[in-house]
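Written out below as structure tokens is the structure these notes cover.
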Amino acid sequence: MKPDIRPTATSDRDTGTIPSVIHVENLTKRFGDFTAVDHISFDVRKGEIFGFLGANGAGKTTAMRMLCGLSHPTEGHGTVAGFDIARQQEAIKKNIGYMSQKFSLYNDLRVWENIRLFAGIYGMRPKQIATKTDALLNRLGFMAEKNTFVEKLPLGWKQKLAFSVAIFHEPQIVFLDEPTGGVDPITRRQFWELIYEAVEQGITVFVTTHYMDEAEYCDRVSIMVDGRIEALDSPRELKKQMNARSMDEVFRQLARKAQRSAD
Amino acid sequence: MPTSIAIEQISKHFAVGKTGRVQALHPFSLDIEKGEIFGLLGPDGAGKTTLFRILTTLMLPDSGTATVGGYDILKDMKKIRETVGYMPGRFSLYQDLSVEENLRFFATLFNTTLEAHYDFIKDIYTHIEPFKKRKAGNLSGGMKQKLALCCALIHKPRILFLDEPTTGVDPVSRKEFWDMLKRLKAGGMTILASTPYMDEAELCDRIGLIQSGRFIGRNTPEQLRAEFTAPLRAVRASEMSRLLRDLRDYRYCRSCYAFGEFHHISLEPGFSDEDLAGYLQRLHFSRLEIHPLEPTIEDCFMALMQKGGADEA
């Protein structure tokens, strides 16, 4: 297992000297005699959009839970946002943002109440929260909805709000677990434009998706098969290496090798 | 080809709170032929599930009527339930029963047995048969979905309703699933399937694009693409984020969206490739590539959404 993390000639950014926000070596998780995550090693650099791809059951969720401080690795070590994933899980949780595929805001709270709740959990002070809330809502064009119950918002707005809440406390890195499932194609693109804005503010993005065109928006992607990282590079380089026209083709070529049932 | 599903002026609304009202389906009519795969494409909340529930007799429409397999959805509820197989959007099998127990349970509900129709589901069941003692709740992704399809087929229906069968499923499992549907179609099955994945549109005989309870487009995939007449270009350069903003400011830009490694820009009359290239060169983009392209179904969907007025910001 040796993922290639050298900067590639085709990469759009000069990545040679950029520090890592995630660094893991031989990260492994076993459940009984089943190895869900099998000695994976990789780095995610500050300010990049890192796509974490894999078939259902390849081990993505298990790996992500370890990175977020929700699950102890069986073997291996690493750091996220500068904290040790085996020993400093609480510190990791404070320094990351997380948005799950299931809509995670409270439907029966108003827009501003949701922001206050989550910002409060992350330890932000009330005054700071109030100022930033207005700034955020103005930027999103949501000011008129400040007092609206989240339940009443269209799905696309809810997702944009959920993302904004996930990065409200200015984490070093945000984890997005299939953030665009079920939304229309225009909203899906507006969501990615929001991701780009976050990146321009210096936030690192770690994202899983089943939309292969979205893999193309990532600076680099890794593809997991049977608990291992089988490929890691920029989308352009992966397509070149595998002589494929699209990321969909790259994915299929790799995932077809899976031995364990796609589940 | 005889008609398998005939829908006439069906509509449905729901009350929201005390005073609110959502029109889940605006009145519409549609005929689906025997042996046709008809794809319903649209985001969450578009009205897809409501339509499935009406056609499977789980919900009454406000207005209109429909026949499914020749039976009236208002009068022949029992007949329809024997005729159709339904795979709801949410995983609806018994998590604490094994794979085999689930199948036997559903077979019993329809007065049949697993053995009686084994040949009919064999093609799909063999994928999961090695795990037949495993509890359904311990399966994941693709396998759950194959089991759900087997359970929907166990009484040998003639018409299949699949509500987002591939949502959240990886591209390889999705392809396998569609291969199975193709084989069912070859055997004469009529299939109405919904999906949020635009690339699956190409696998359907006809598709309906649905948004906020209305069909904004309905045709064969080829014909829908042919109706997209605006010039379309794929553009990439070194700074994709700035490129998107600047393309949208281009005077002949109709709309522009990120599309994987390229941006797709559709253009107004008056545009020329030289003019577009000149505009971008003056803005100092390096590694600029521009080439014409055929619209995808997703391009069509977005253009139709804008024409119909997207209701979401």
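The values are calculated or read from the model by the stated rules, or taken from the named source; none is laboratory data. Remember, predicted model here, so these are calculated numbers, not experimental data. Here Cβ is always computed from backbone atoms with ideal geometry, including for glycine, and neighbour counts include all displayed protein chains.
Okay, residues lined up against (1) of a type in the set (Lys, Arg); (2) more than 11 Å from chain A (Cβ to nearest Cβ); (3) more than 18 Å from B:PRO43 (Cα to Cα):
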| residue | (1), (2), (3) |
| --- | --- |
| B:GLU164 | no, no, no |
| B:GLU176 | no, no, yes |
| B:ALA193 | no, yes, no |
| B:MET198 | no, no, no |
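Within segment B:283-303, the presence of a residue that is surrounded by 13 or more Cβ atoms within 10 Å (Cβ to Cβ), within 14 Å of chain A (Cβ to nearest Cβ) and free of Cβ contacts under 8 Å to residues at least 12 places away in the same chain is excluded.
The strands (runs of 3 or more DSSP E) found entirely in segment B:189-260 that carry 2 or more residues being surrounded by 16 or more Cβ atoms within 10 Å (Cβ to Cβ) and of a type in the set (Phe, Trp, Tyr) are B:253-259. For segment B:266-282, does any single residue satisfy the condition of being in a helix (DSSP H, G or I), within 10 Å of another protein chain (Cβ to nearest Cβ) and of a type in the set (Asp, Glu)? No; the residues of segment B:266-282 include none that is in a helix (DSSP H, G or I), within 10 Å of another protein chain (Cβ to nearest Cβ) and of a type in the set (Asp, Glu). From the list B:ILE121, B:ILE80, B:ILE128, the lone residue that is in contact with a Cys (Cβ under 6 Å, 6 or more places away or on another chain) and either within 20 Å of B:GLN9 (Cβ to Cβ) or in the same structural domain as B:GLN211 (by TED's automatic domain parsing) (or both) is B:ILE121.
Within segment B:97-110, no residue that is under 14 Å from B:ILE121 (Cβ atoms) and outside the structural domain of B:LYS122 (by TED's automatic domain parsing) sits with its Cβ atom under 9 Å from a residue that is buried (at least 21 other Cβ atoms within 10 Å of the Cβ) and at pLDDT below 95 at 6+ positions apart or across chains. Is it fair to say A:ALA63 is crowded, with 22+ Cβ neighbours inside 10 Å, under 22 Å from A:VAL205 (Cα atoms) and within 14 Å of chain B (Cβ to nearest Cβ)? So A:ALA63 fails the test.
Taken over segment B:248-258, the criterion of being touching a strand residue (DSSP E or B) at 6+ places or on another chain (Cβ under 7 Å) and within 11 Å of chain A (Cβ to nearest Cβ) is satisfied by B:ARG248, B:SER255, B:CYS256, B:TYR257. Do we have A:VAL207 as buried (at least 17 other Cβ atoms within 10 Å of the Cβ), within 11 Å of chain B (Cβ to nearest Cβ) and of a type outside the set (Lys, Arg) here? Considered against the rule, which asks whether it is buried (at least 17 other Cβ atoms within 10 Å of the Cβ), within 11 Å of chain B (Cβ to nearest Cβ) and of a type outside the set (Lys, Arg), A:VAL207 comes out as no. A:PHE163 passes every criterion in (1) over 17 Å from A:THR187 (Cβ atoms); (2) in contact with a strand residue (DSSP E or B) (Cβ under 7 Å, 6 or more places away or on another chain); (3) in a helix (DSSP H, G or I); (4) not hydroxyl-bearing (Ser, Thr, Tyr) apart from (1). For segment B:36-55, filtered to residues that are assigned to a loop (DSSP other than H, G, I, E, B) and crowded, with 22+ Cβ neighbours inside 10 Å, the residue that is nearest to the other protein chains (Cβ to nearest Cβ) is B:PRO43.
Residues that are touching a Lys or Arg at 6+ places or on another chain (Cβ under 8 Å), of a type in the set (A, V, I, L, M, F, W, C) and buried (at least 19 other Cβ atoms within 10 Å of the Cβ) do not occur anywhere in segment A:256-263. In segment B:204-218, the residues that are over 19 Å from B:ASP62 (Cα atoms) reach residues that are aromatic (Phe, Trp, Tyr) and surrounded by fewer than 23 Cβ atoms within 10 Å (Cβ to Cβ) with C-beta atoms within less than 6 angstrom, at least six apart or across chains, in these pairs: B:ARG206/B:PHE38; B:GLY208/B:PHE215. If only residues of segment A:134-156 that are out of contact with any Asp or Glu (no Cβ under 9 Å at 6 or more places or on another chain), of a type in the set (A, V, I, L, M, F, W, C) and away from every other protein chain (no Cβ under 13 Å) are counted, the one that is surrounded by the most Cβ atoms within 10 Å (Cβ to Cβ) is A:LEU136.
Those residues that are within 14 Å of another protein chain (Cβ to nearest Cβ) and among the small types (Gly, Ala, Ser), I need them from segment B:108-151; list them, please. Within segment B:108-151, B:ALA136, B:GLY137, B:SER140, B:GLY141, B:GLY142, B:ALA148 meet the criteria. Of the residues A:ALA231, A:ALA244, the single one that is in contact with a Leu (Cβ under 9 Å, 6 or more places away or on another chain), in a loop (DSSP other than H, G, I, E, B), among the small types (Gly, Ala, Ser) and more than 8 Å from every other protein chain (Cβ to nearest Cβ) is A:ALA244.
Here A:VAL221, A:VAL199, A:VAL174 are screened, and the one residue that is within 13 Å of another protein chain (Cβ to nearest Cβ), among the aliphatic types (A, V, I, L, M) and either buried (at least 22 other Cβ atoms within 10 Å of the Cβ) or in a strand (DSSP E or B) (or both) is A:VAL221.
Among the residues of segment A:177-191, the one identified as within 23 Å of A:ALA135 (Cα to Cα) and either among the hydroxyl-bearing types (Ser, Thr, Tyr) or within 12 Å of the chain's Cα centre (by Cα) (or both) is A:THR187.
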